[in-house]
Every structure is written in C-alpha cells, then in structure tokens.
Amino acid sequence: MVHRSGKEDFIRVAPEILRTAAVRFATNCMFYSRALDLFTSNNAAIGARAVDRPDRAFPFMVLIYHRVNTAKDAFFPSLSVKAFDGQMRYLARKFNVLSLHDILQRIRTGKAIEPWSVAITFDDGYQDNLIYAHPILKKYHLPATIFVPTGYVETGRVLWNDRIAWAIKSTENEQVAYENRLLRLTTVEEKTRA
C-alpha cells in the first residue's frame, strides 16, 4: 500500500479543485452578467426577465467531464467508471439534472431554473463517453451534452493534447528542452510532470 502525505494528496486533487472552482466562477459570471442573453434569438429582455425576478431565477452548475474509463493511464487521465457511477447516482438523488439545452431554453423563455440544477457535459467526445459513461447516464435517466470536435470525426486525426501526451509517453529520449529548461523523461513520474 502506498502512503501519501497530505501535501501529496492535495497536489493530486488540486487541479480538479481548481477546475471545479473555475467552472463555477465562469458559470456564475455568465449567469449574473446576463451574457447568456447573447444566445437568445429575441431581444435581451426575454432572458433578463428570469434574472430580474428573484423568485424565478436560480444559478445552476455545469459539470465538465472528459474521459470515463478503466484504463488508469497516467498520460491520458480519466475518471474511473466506479467514481463516475457514484457521482451520477449522487446527482440523480440530490440534484435537478437538466440538459444544457433545457437550461438555455428556460433562460430564453423566462421560465424558472429550480435550485440545485446542474447540467452534465463532456468535452472532446471520446469514445469512452459512449462505451462507459452513456450506460451509466441511461441507468440514472440523466441527460448530458457531448461536445464533439467535428473536425476530427472519422479522419483518423488525434487531438493536439493527445498527440503531445502520446509523444511524451512513448519517447525514448531521456530529456527535452522546453522554455530554457531541461525536462527529464526517464520515469513515468517525470514524464507526467513534463
């Protein structure tokens, strides 16, 4: 069993905490600044009605996922299937899960967004979203939005960040120069830090 110090545990989860905080901040900024009014086909007053009436306006959250699988690959991080299932079970019990489309539609029409509303989204449309995440979403009857980089569909091309991860993972070089620094690449830990 590997023992981790509190500092190591914090470093491991810090990026996830920061991402969650950034998403909440951005969502609240869009909501309270009325930036979502830009998405309405009518005038901005339609969306503003929901924001101006405290009895009808509630902030919402958007959860952003990328990969859900069983790979445990340090170079292609993912949420485990078990953790995703647990999160979806919790959301289904404790939150009002709406599709992103439904949330935007409610804002456009001035319809209230219930407290504790959340939308589930996936960036980059990885195949494991269909293989692992979809059956879990279906099990809990949860809607989700998948943002697919359409320029990559059926092209055989790989997203730039995955190309970099694959290059670092498979390199036999022991170091690489980057921004006037030498990054060591001899161990998995050094490669993932690079």
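The values are calculated or read from the model by the stated rules, or taken from the named source; none is laboratory data. These figures come from a predicted structure and were not determined experimentally. We place every Cβ from the backbone using ideal geometry, glycine too, and count neighbours over all the protein chains shown. Ligands, DNA and RNA are excluded from the accessible area calculation, which covers all protein heavy atoms including side chains. Shrake-Rupley method; radii C 1.70, N 1.55, O 1.52, S 1.80 Å.
Descriptive notes on the structure:
- Across segment 111-194, Cα pairs under 8 Å and at least six residues apart give a relative contact order of 19 percent.
- Eigen-decomposition of the gyration tensor built on the alpha-carbon atoms of segment 127-194 gives equivalent ellipsoid semi-axes of 35, 15, 10 angstrom, largest listed first.
- Trypsin sites (Lys or Arg not before Pro) restricted to DSSP loop in segment 66-157 with at most 15 other C-beta within 10 Å: Lys72, Lys111, Arg157
- Prolate/oblate/rounded label for segment 65-156 (Cα gyration tensor, a/c 1.5): oblate
- Estimated at the nearest 10 Å², the accessible area of Asp85 is 20 Å² with a 1.4 Å probe.
- If only the Cβ of Lys and Arg carry +1 and only the Cβ of Asp and Glu carry -1, the dipole of segment 95-169 around its Cα centre is close to 100 debye.
- Reach of Lys138 by Cα under 19 Å, taken over lysines that are not fewer than 8 positions away in the same chain: Lys82, Lys94
- Accessible area of Thr186 in the full protein assembly, 1.4 Å probe (Å², nearest 10): 60 Å²
- Magnitude of the charge dipole, segment 48-174, Cβ model with Lys/Arg +1 and Asp/Glu -1, debye to 20: 660 debye
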